[in-house]
1. Just name the residue that is nearest to residue 184 (Cα to Cα) out of those in the range 93-124 that are modelled with pLDDT of 95 or more and assigned to a loop (DSSP other than H, G, I, E, B).
2. Please determine whether any residue of the range 154-168 is modelled with pLDDT of 90 or more, under 26 Å from residue 43 (Cβ atoms) and surrounded by fewer than 22 Cβ atoms within 10 Å (Cβ to Cβ).
3. So residue 180 clears everything in (1) surrounded by fewer than 15 Cβ atoms within 10 Å (Cβ to Cβ); (2) more than 29 Å from residue 59 (Cβ to Cβ); (3) touching a strand residue (DSSP E or B) at 6+ places or on another chain (Cβ under 7 Å) except one condition, right? Which one?
4. Which of (1) loosely packed, with under 15 Cβ neighbours inside 10 Å; (2) in contact with a helix residue (DSSP H, G or I) (Cβ under 8 Å, 6 or more places away or on another chain) is the odd one out, the single condition residue 175 does not satisfy?
5. If you go through the range 29-50 one residue at a time, do you hit one that is in a strand (DSSP E or B), modelled with pLDDT of 85 or more and out of contact with any strand residue (DSSP E or B) (no Cβ under 6 Å at 6 or more places or on another chain)?
């Protein structure tokens with residue numbers, strides 16, 4: 001991919017994918033590192049999201065798309081250089097392509113919060129339950145008579161859609177937010193508590 005195209009996609013993600021005003025809370029860019037702050041020393045390396053199965057700006061493997069059998073299997077992800085004072089993480093996966101019938105809001109495919117601050121990854125195939133054994137919470141929904149939490153990307157052929165994986169480091173746990181909460185509920189609960197943001201953008205077509 002040409003550098004100009006890559007920068008354009010990245011700019012779209014940082015403007016549209018952030019579900020809260022990360023830049024306003026951090027006073028800088030939308031990705032914050034794990035180093036010291038307050039001007040008392042050099043910034044640490046950036047808070048980074050990655051995956052053994054996905055590559056930023058590279059096509060999503062078919063096994064994580066809606067035509068796979070089984071479908072709705074979440075990919076493994078991991079992160080490094082967590083900001084100091086992180087108390088929990090929240091992950092939001094969204095289809096970034098505008099949908100006229102839905103306005104311009106990204107279409108959510110997964111939102112999970114209260115991921116423990118000690119965690120550095122999520123495994124492939126996170127269980128489809130409202131609350132996980134580590135205290136993480138998510139929102140199950142019904143799709144094709146199956147209860148799911150992660151909804152596989154399924155853009156209409158032959159279109160290419162871009163999916164943002166946004167991980168937020170929070171300075172609190174969202175214990176008041178019960179499993180089953182809406183994406184808007186999560187946005188409101190995170191507001192004012194984001195201390196780091198890392199993102200991957202994964203295109204997909206059928």
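1. Looking at residues that are modelled with pLDDT of 95 or more and assigned to a loop (DSSP other than H, G, I, E, B), I get 117.
2. Checked against the condition, which is being modelled with pLDDT of 90 or more, under 26 Å from residue 43 (Cβ atoms) and surrounded by fewer than 22 Cβ atoms within 10 Å (Cβ to Cβ), the range 154-168 yields no hits at all.
3. (3)
4. In the conditions (1) loosely packed, with under 15 Cβ neighbours inside 10 Å; (2) in contact with a helix residue (DSSP H, G or I) (Cβ under 8 Å, 6 or more places away or on another chain), residue 175 misses (2) alone.
5. Checking the range 29-50: not a single residue is in a strand (DSSP E or B), modelled with pLDDT of 85 or more and out of contact with any strand residue (DSSP E or B) (no Cβ under 6 Å at 6 or more places or on another chain).
The values are calculated or read from the model by the stated rules, or taken from the named source; none is laboratory data. The shown structure was predicted, so the numbers you read here are calculated from the model rather than taken from an experiment. Positions of Cβ are generated from backbone atoms using ideal geometry, with glycine treated the same way; all protein chains shown enter the neighbour counts.
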